[in-house]
Structures are given as structure tokens and as C-alpha cells.
Amino acid sequence: MDDNYQIYLNRVARMTLPEAYKSQIQHIQESSKFQPTSDGKREVAPFPGYTIITPPGEEDKQNSAFYEKLQDYQQQLLELSTSDNFIVPIPPKSFHLTIADLIWENNFLHASQQIPNYSVKLQTCFREIFQQYRQSFTSHHPIRWQILGLMLMPRAVGVCLTPQDESSYNQIISLRRIIYQNPQLMALGIEQQYYFTAHVTLGYFGEIPAQLERESFSSILSQLNQKSIGDSPTISVKRAELRKFDNMIRYYRQPDWAGLDF
């Protein structure tokens, strides 16, 4: 289901063009992942599931320069916000690259209730999947991705990433292919729902101002791209981990949970 290398490059390049921002800003919506409180602020809402991600920023010291750059991006976005609740920021300590979405919210709740020992079976599957990947790739090249530009999604904003070379892309896509083609995972209610678009989410949309100057905001995003992208550090992807989440700001695991060193 995922794109080949060249198609991916072409697709994400279009997503960071000024014309794309002008179109995408027309369709942004309030995210249900953060709910308004009685004092007018926003708090994270329950949203449980499992995912395969790189270690979050607070644990990934080797990519500290990359995550510091993202934090700078986030701060600039917040300064552009027309109201306090327009963009609800993700805590920088939880920044991460999602390698494979697995299962979440209602699908997860249903599967975990209907399938006995769900967590144990999931752990067993990923130990086998990661072992299969290791056996398939006996020689690994460094996996590096770089910031291409800001990325508007219907309910969130982040930075879109592009691989430094074809090997960086193919190694990630090969792992995704092994994951989504695994029949035991399918039996646990896990299936591929999205094409891979490498990104790090910086924040979710809260209250969309009625008087939001959408065209002006999209132009400012384009200017921010042009000003900030050139000197961006890369992220070196050296590990993928099975993590559980209860919401969109905390991704956790136990020491014996499945993990893969590239």
C-alpha cells in the first residue's frame, strides 16, 4: 500500500507548497484529542491504543538537536496563533516519529475486550516480526530523515520528513510491510489504514477562530518554511519500539517489550 521512493518524494513535496497550505487551511477542524475545560483551557482527552514509534524526544538523546529544532518550530507556530487555544501544543518530551500506526480508540477497546490476553499476544507477534526483519536485513545502512517543511493535517500541524536517501526510505517501508502483512496481527484487529507520511506532530487544533484569516495564516506558514528549513538537523532512526498510549502526550513501555535496533 505504501508508495515507492520517488512517488513518496513527489507526494510530500506537494504537501509543503504554498498552494497546498491555502487549500488545507480551508478544511482544518477541532481535534477531539484535547477537550475544553471549565476555565477555558484545553486538556488531553482519553485516546488509548498501541503504536510503533521511535523513542520519544525525552529518551532519544542522540537526536537532541533535531528535537530542539522542532521545539523552536513549535514556539514559532504558537506565536502565530490568533488565540491561546487555536493550536494546542504537544509536550516536546513526547515528540516522536511514528513508524507504523497499529490500533487505537474504539477498535482497540473492542479488540482488547474480545480477545483474551491481548497484550501478551501483541508482544509475541512483535518479537517474531522484529526477528523476521533482522533476518531479512543482515546489512543495514544508516537511516536518516530530514525536515521538508510544515505539514497541515485536518486536525493537527507538524513537520513533514523526507528520507536522506533511498535506503533510509526502503528500510522503514520494508518493516511496515512485514508488520501489516502479518496474519497474527490481522487477527488482533490491526490493519494498515494510511499511506506512510513521515512526520512529527507539533500540536492539535483546538478552537478554530471564527475570524481566522486563513489565507494570511497559510502565507505565514510558507514564510516560516523558507526562513527555517535550510539549516535543519536530521533525525537518525536507530530504534523502533512497541509502545502503548492512553492519550496523545504519553507513550510508554516496559523494559521487556518488543523493540528493534536498526
Within the range 16-27, is there a residue that is in contact (Cβ under 8 Å) with a residue 60 or more places away in the chain, under 18 Å from T162 (Cβ atoms), touching a Phe, Trp or Tyr at 6+ places or on another chain (Cβ under 7 Å) and not aliphatic (A, V, I, L, M)?
no
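Can you pull out the helices (runs of 4 or more DSSP H) entirely within the range 118-198 that have at least 2 residues that are in contact (Cβ under 8 Å) with a residue 60 or more places away in the chain and in contact with a strand residue (DSSP E or B) (Cβ under 9 Å, 6 or more places away or on another chain)?
Details: elements: 118-136, 166-180, 183-187.
Helices (runs of 4 or more DSSP H) meeting the threshold: 118-136, 166-180.
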Index of the failed condition, G203 passing every other in (1) touching a helix residue (DSSP H, G or I) at 6+ places or on another chain (Cβ under 8 Å); (2) part of a loop (DSSP other than H, G, I, E, B):
(2)
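Any residue at all in the range 119-134 that's modelled with pLDDT under 95, more than 24 Å from E213 (Cβ to Cβ) and not acidic (D, E)?
yes
Scanning the range 221-260 for residues that are assigned to a helix (DSSP H, G or I) and not hydrophobic (A, V, I, L, M, F, W, C), which turns out modelled with the highest pLDDT? Don't jump to the end; show me each part of the working.
Just the residues of the range 221-260 that are assigned to a helix (DSSP H, G or I), to begin with: 221-228.
Remaining after also requiring not hydrophobic (A, V, I, L, M, F, W, C): 222-223, 225-228.
Numbers: S222: 90, Q223: 87, N225: 84, Q226: 80, K227: 74, S228: 66.
Checking each candidate, the answer is S222.
Does the range 206-219 hold any residues that are in a helix (DSSP H, G or I) and either without any contact (Cβ under 8 Å) to a residue 40 or more places away in the chain or in contact with a Cys (Cβ under 6 Å, 6 or more places away or on another chain) (or both), and which are they? Outline the logic, then answer.
Of all residues in the range 206-219, those in a helix (DSSP H, G or I) come to 214-219.
Selection gives S216 alone.
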Please identify the pairs in which a residue from the range 250-262 that is of a type in the set (K, R) has its Cβ atom under 9 Å from the Cβ atom of a residue that is crowded, with 16+ Cβ neighbours inside 10 Å, counting only partners at least 6 apart or on another chain.
R250/V44; R250/P56; R250/S94; R253/E241; R253/L242; R253/R243; R253/K244; R253/G259
Are any of the residues in the range 141-163 among the basic types (K, R), within 23 Å of A65 (Cα to Cα) and in contact with a helix residue (DSSP H, G or I) (Cβ under 9 Å, 6 or more places away or on another chain)?
yes
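The values are calculated or read from the model by the stated rules, or taken from the named source; none is laboratory data. As the structure is a computational prediction, the values presented were derived from the model and not from experiment. Ideal geometry is used to build each Cβ from the backbone, glycine not excepted, and the neighbour counts take in all protein chains shown.
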